[in-house]
Amino acid sequence: MSVEINSFYDRISEARDRIKGVASQTPLVEAPALSKKFGRKVYLKLECYQPIRVFKIRGAYNKVSQVSASGVVAASSGNHGIAVAYSARRLGKRCTVVVPETAVQEKVSAIEELGAEVVKFGRFSSEREAKARELAKMQGEFVHPFDDPEVIAGQGTCGMEIVEQLEDFDSVVVPVGGGGLISGVTVAIKATKPSVRVFGVEPVGASKLGPSLKQGRRVAVDSPKSIADGLLPNSVGELPFRLIEGKVAGTFEVTDEEIVEAMRLLLHHAHVVAEPSGAAPLAALLAGKSAEMLGERAVFVISGGNVSLSLLRKLLGEV
């Protein structure tokens, strides 16, 4: 076990104390119908049951609670912005969130309802991050969505809970955007259960962790595309990659069609409403992708439930 994992595990422990009473300890449950369908124990870590329906509250509050400035600025496709706005509201700080011009309207509305100012700019994560950093020079501290040690530590509390909630499991499957969640979960899991395998899941049109691991360096995607808007950063963050490299067992690439099918399966068989990014881990079981790599007992981190109403209506019509 590396020194970096040990030191980061301590950060995660501190983050857990810091976010207590703000972020929820979310349920981890078996989905019997899905277990039967896929021939293995399927456990769901339901981050879609957080107060803002997404895991991002963990890292955002851990970070914002330590910011001395009176304002914070975030760049987000939606969920990180919601989490930072929620945290800022609780802590009495001003908040501005830069979102893509194509942002899901329900997420934009949620950010505004929490009292934050929304600025629409560009289409890609690199564009909105540059804009947010520019605004932060005047309005407060920039809160990175994934390449920040305190954000990663907060996300890692999800992994600590998994270890406490389930004694025996073989693997954990985590969606990958910028790598904040999978790096935090990997540290927490490997520090206490080194034999457990951690896998990442990425959309075919936005795969960067898999290629990065193969090449031993971070690889960027010029124009990432997917229905899973939360998984579209151009690249995995520098710090997340350092924490992940050599420690994750591998990645799966899933199509948008498989992600939608996974959303449908969660709704039909587990009565869980997941957004595309949140359902992506379960999509790894489709089309025979996982084979026996996941073992007999696999945990799937359902990272969020902020699905657009139009997509939810479509799914309800097809269930």
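Quick notes on this structure:
- Residues in segment 1-49 that are more than 22 Å from Pro281 (Cβ to Cβ) and either in contact (Cβ under 8 Å) with a residue 12 or more places away in the chain or in a helix (DSSP H, G or I) (or both): 18 in all.
- Ser109 hydroxyl-bearing (Ser, Thr, Tyr) and without any contact (Cβ under 8 Å) to a residue 24 or more places away in the chain: yes
- Looking only at residues of segment 93-123 that are among the basic types (Lys, Arg) and either under 20 Å from the mean Cα position of the chain (by Cα) or within 19 Å of Leu312 (Cβ to Cβ) (or both), we find that the one that is surrounded by the fewest Cβ atoms within 10 Å (Cβ to Cβ) is Arg123.
- Residues within segment 184-207 that are more than 24 Å from Val307 (Cβ to Cβ), charged (D, E, K, R) and crowded, with 24+ Cβ neighbours inside 10 Å, tallied: 0
- Top-ranked residue of segment 124-147 - restricted to ones that are in contact with a strand residue (DSSP E or B) (Cβ under 9 Å, 6 or more places away or on another chain) and under 23 Å from Arg18 (Cα atoms), ranked as surrounded by the fewest Cβ atoms within 10 Å (Cβ to Cβ): Glu141
- Test: residue in segment 231-238 that is surrounded by 21 or more Cβ atoms within 10 Å (Cβ to Cβ), under 18 Å from the mean Cα position of the chain (by Cα) and closer than 21 Å to Val272 by Cβ: yes
- Scan segment 31-47 for residues that are over 18 Å from Ser303 (Cβ atoms) and surrounded by 15 or more Cβ atoms within 10 Å (Cβ to Cβ) and the total you get is 4.
- Considering each residue of segment 135-154 in turn, at least one proves to be of a type in the set (Lys, Arg), assigned to a helix (DSSP H, G or I), without any contact (Cβ under 8 Å) to a residue 24 or more places away in the chain and not assigned by TED's automatic domain parsing to the domain that holds Pro240.
The values are calculated or read from the model by the stated rules, or taken from the named source; none is laboratory data. Keep in mind it's a predicted model, so treat the numbers as computed, not measured. Using ideal geometry, Cβ is built from the backbone for each residue, glycine included, and neighbour counts are taken over all protein chains shown.
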